[in-house]
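> The structure that follows is given in the form of structure tokens.
The values are calculated or read from the model by the stated rules, or taken from the named source; none is laboratory data. Since the model is a prediction, treat every value here as computed from it, not as a measurement. Neighbour counts run over all protein chains shown; Cβ positions are idealised from the backbone, glycine included. Note: accessible area is taken over every heavy atom of the protein model, side chains too, but ligands, DNA and RNA are not part of it. Shrake-Rupley method; radii C 1.70, N 1.55, O 1.52, S 1.80 Å.
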Amino acid sequence: TLPFTARLNSSMGPGRTVFIKGEVNKTAKGFNVNLVSGKSKDIALHLNPRLNIKAFVRNSFLHEAWGEEERNITCFPFSPGMYFEMIIYCDAR
């Protein structure tokens, strides 16, 4: 069911990887994946594929403010009805 919510077994840190697999709804205009920091309102990582404009927006919401959006991508990898996999790797930076 949507929205889907789950907790990681342990906290993110350098060297940790999260795999997200799903299928884009056939009528979707977009969706988002948010990695929320603990019980706070901070979103450490916001991934927002916008199918209607073929943009893959990445951002963070920290201390009640959005950061600068990242949109650069060479190929838009999402489409309605398509299966996808996201691999999120946390490095030391």
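> Which members of segment 18-37 meet the condition of being among the hydrophobic types (A, V, I, L, M, F, W, C) and either over 14 Å from the mean Cα position of the chain (by Cα) or open to solvent by 50 Å² or more (accessible area, probe 1.4 Å) (or both)?
First, the residues of segment 18-37 that are among the hydrophobic types (A, V, I, L, M, F, W, C): 18-20, 24, 28, 31, 33, 35-36.
Phe19, Ala28, Val36, listed by residue number.
So that you can scan it fast, the table gives a plain yes or no per residue for (1) touching a strand residue (DSSP E or B) at 6+ places or on another chain (Cβ under 9 Å); (2) at negative phi:
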| site | (1), (2) |
| --- | --- |
| Phe4 | yes, yes |
| Asn9 | no, yes |
| Thr17 | yes, yes |
| Lys26 | no, yes |
| Lys29 | yes, yes |
| Gly38 | no, no |
| Ile43 | yes, yes |
| Asn52 | yes, yes |
| Val57 | yes, yes |
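> Please identify the pairs in which a residue from segment 2-15 that is touching a residue at least 40 places away in the same chain (Cβ under 8 Å) has its Cβ atom under 8 Å from the Cβ atom of a residue that is open to solvent by less than 100 Å² (accessible area, probe 1.4 Å) and part of a loop (DSSP other than H, G, I, E, B), counting only partners at least 6 apart or on another chain.
The qualifying pairs are Met12/Cys90; Gly13/Cys90; Pro14/Cys90; Pro14/Asp91; Pro14/Ala92; Gly15/Cys90; Gly15/Asp91.
> Moving on to the next point. Would you pick out the residues in segment 38-93 that are without any contact (Cβ under 8 Å) to a residue 40 or more places away in the chain, in a strand (DSSP E or B) and open to solvent by 100 Å² or more (accessible area, probe 1.4 Å)?
Correct list: Trp66, Glu70.
> Could you please give the count of residues in segment 16-37 that are touching a Phe, Trp or Tyr at 6+ places or on another chain (Cβ under 7 Å) and either free of Cβ contacts under 8 Å to residues at least 60 places away in the same chain or farther than 14 Å from Met82 by Cα (or both)?
So the count comes out to 1.
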